Amino acid sequence: MSVGYKDDQNDWVTVCLKYLLFVFNFLFWMGGAAVLGVGVWTLVAKSDYLSLLASSTFAVSAYILILAGSLVVVTGFLGCCAVIREQRSCLSTYFICLLFIFLIELVAGVLAYVYYQRLSEELKQHLNHTMTENYAQPGKEAVTFAVDNLQQDFKCCGSNNSHDWTVSKYVVSGQAEGRAVPDSCCKTITPHCGKRDHPSNIYKVEGGCITKLEKFLADHLLVIGAVGIGVACLQICGMVFTCCLYRRIKMDPY
């Protein structure tokens, strides 16, 4: 055991830095679990709605968080090893991993924030077209399933209102078999219940499904952005502690 290592053992600053890094690693693991959980929650909860969006930014943000959360588990273990062994090479690798995950989470947070700003405009431009042009059309089963779930989950009918369905391919082409709206618009679904579009039978929500879906996605995006940027900021502390410990080890003579 070198003299430098013995001195480090008695150096209260080094000991404090080691404990701080251990505490950080614990918080880092917890933050990683939160990041991973939010990413999975985003994709699992109403994941079928992704087929109704014009861009993949929402899904990409969630996948990035899942990747970052998974890397945290490995990096946290590496951090503990680096602190215990006090090897500069391990600390350097740990710092690089922290920096890499920091950038990943920061990108996810920024993507979520940017998409949040233009979410409303995208839904207004594309949701009505997607619903009226693709519902119940060949090869568009995912869209049909998503629209039916959307209208039932959020108790709405049509992108803006139920009248949107009157110009849809589904109704105009005769596929509807006399229905004015899809059966998923009905408050109580029964075969061909969409033939009667009275407010007592179908959902008449002000703002239609656009308003409901926008709020749902906006809430998810805020959580993605907050968790991604929050954990990224936590990692700055870890990188600072790592640099300080690295410097003290480097300064000690062998």
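The values are calculated or read from the model by the stated rules, or taken from the named source; none is laboratory data. All values reported here derive from a predicted model rather than from experimental measurement. Reconstructed Cβ throughout: ideal geometry from the backbone, glycine too, with neighbour counts over all protein chains shown. We work out accessible area using only protein heavy atoms, side chains counted, and drop any ligands, DNA or RNA first. Shrake-Rupley method; radii C 1.70, N 1.55, O 1.52, S 1.80 Å.
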Report summary line: Of those in the range 18-40 that are farther than 29 Å from GLU121 by Cα and surrounded by 22 or more Cβ atoms within 10 Å (Cβ to Cβ), the residue farthest from the chain's Cα centre (by Cα) is LEU21
Query - the range 127-145: number of residues that are part of a loop (DSSP other than H, G, I, E, B) and out of contact with any Asp or Glu (no Cβ under 9 Å at 6 or more places or on another chain) - result: 4
Query raised in the report: Which pairs do you get when a residue that is free of Cβ contacts under 8 Å to residues at least 40 places away in the same chain, found in the range 184-210, comes within reach of a residue that is among the basic types (Lys, Arg) and crowded, with 17+ Cβ neighbours inside 10 Å, reach meaning Cβ atoms under 8 angstrom, with the pair 6+ apart or on two chains?
Result: HIS192/ARG179; GLY194/ARG179; LYS195/ARG179
Report summary line: Note on THR188: of the conditions (1) of a type in the set (Ser, Thr, Tyr); (2) farther than 30 Å from ILE64 by Cβ; (3) in a helix (DSSP H, G or I), unmet is (3)
Report task. Give the range 120-179 a look and list any residue that's aromatic (Phe, Trp, Tyr), open to solvent by less than 60 Å² (accessible area, probe 1.4 Å) and touching a residue at least 60 places away in the same chain (Cβ under 8 Å), or say none. Result -> PHE154
**Report entry** For GLY225: the one exception among (1) buried (at least 22 other Cβ atoms within 10 Å of the Cβ); (2) in contact (Cβ under 8 Å) with a residue 60 or more places away in the chain; (3) more than 20 Å from HIS129 (Cα to Cα)
**Finding:** (1)
Report task. Look at ALA226 and say whether it is among the small types (Gly, Ala, Ser) and more than 21 Å from TRP29 (Cβ to Cβ). Result -> no
Requested in this report: Could you pull out the residue among LEU65, LEU98, LEU43 that is crowded, with 20+ Cβ neighbours inside 10 Å and under 10 Å from the mean Cα position of the chain (by Cα)?
Outcome: LEU65
Query raised in the report: Do we have VAL60 as without any contact (Cβ under 8 Å) to a residue 40 or more places away in the chain, hydrophobic (A, V, I, L, M, F, W, C) and surrounded by fewer than 20 Cβ atoms within 10 Å (Cβ to Cβ) here?
Result: no
